[in-house]
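Right, one structure below, let's go through it.
The values are calculated or read from the model by the stated rules, or taken from the named source; none is laboratory data. Every value quoted in this text rests on a predicted model; they were computed, and no experiment measured them. FYI the Cβ positions are ideal-geometry reconstructions off the backbone, even for glycines, and counts take in every protein chain you see.
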Amino acid sequence: MVAKLISGTEISKQVLDEVAEQLKLTKSNCPSFSVVLAIVQVGNRPDSNVYIGAKIKKAAEIGAEGRLVKLPDTITQPELEAEVEKLNVDDDVDGIIVQLPLDCRNTIDVDGVIDRIHPIKVF
């Protein structure tokens with residue numbers, strides 16, 4: 001078997017182009033349709049700010065909204081879980097990303113917080 005070198009950049013572009021086209025088509029059939037990606041940030045890490053900015057920009061490029069939910073670095077794990085659960089039951093939110101690493105003073109078990117998109121909201 002011969003290994004095949006693939007381009008993650010090219011695959012990413014193809015996927016984003018397909019999603020953008022699907023969103024455009026859906027919006028043309030249902031003008032009130034929107035997609036919201038909630039990005040949860042704990043604290044204010046400069047490197048996280050850069051990645052979040054890129055995610056919000058990319059969301060806009062494909063016709064979605066990147067919505068930043070900024071939480072203080074003093075948040076506890078139960079408080080963070082409650083914030084994620086609020087987003088989970090928010091009908092306006094279609095996907096949730098918890099930006100890692102968490103910048104917090106309190107210990108939060110990152111294994112307990114996951115990125116998720118509910119299967120019912122997948123095209």
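If only residues of the stretch 40-57 that are aliphatic (A, V, I, L, M) and in contact with a helix residue (DSSP H, G or I) (Cβ under 9 Å, 6 or more places away or on another chain) are counted, the one that is farthest from Arg105 (Cα to Cα) is Val40. Whenever a residue of the stretch 49-75 is in a strand (DSSP E or B), its partners that are of a type outside the set (A, V, I, L, M), lying with C-beta atoms within less than 6 angstrom and at least six residues away or across chains, give the pairs Gly66/Lys55; Lys70/Gln41. The listed residues are Lys13, Lys55, Lys24, and the only one of them that is of a type outside the set (Val, Ile, Thr) and under 14 Å from the mean Cα position of the chain (by Cα) turns out to be Lys55.
Being β-branched (Val, Ile, Thr), modelled with pLDDT of 95 or more and over 17 Å from the mean Cα position of the chain (by Cα): is that true of Thr107 here? Taking the combined requirement at face value, the residue does not satisfy it. When restricted to residues that are closer than 26 Å to Glu81 by Cβ and among the aromatic types (Phe, Trp, Tyr), the stretch 28-55 contains 1.
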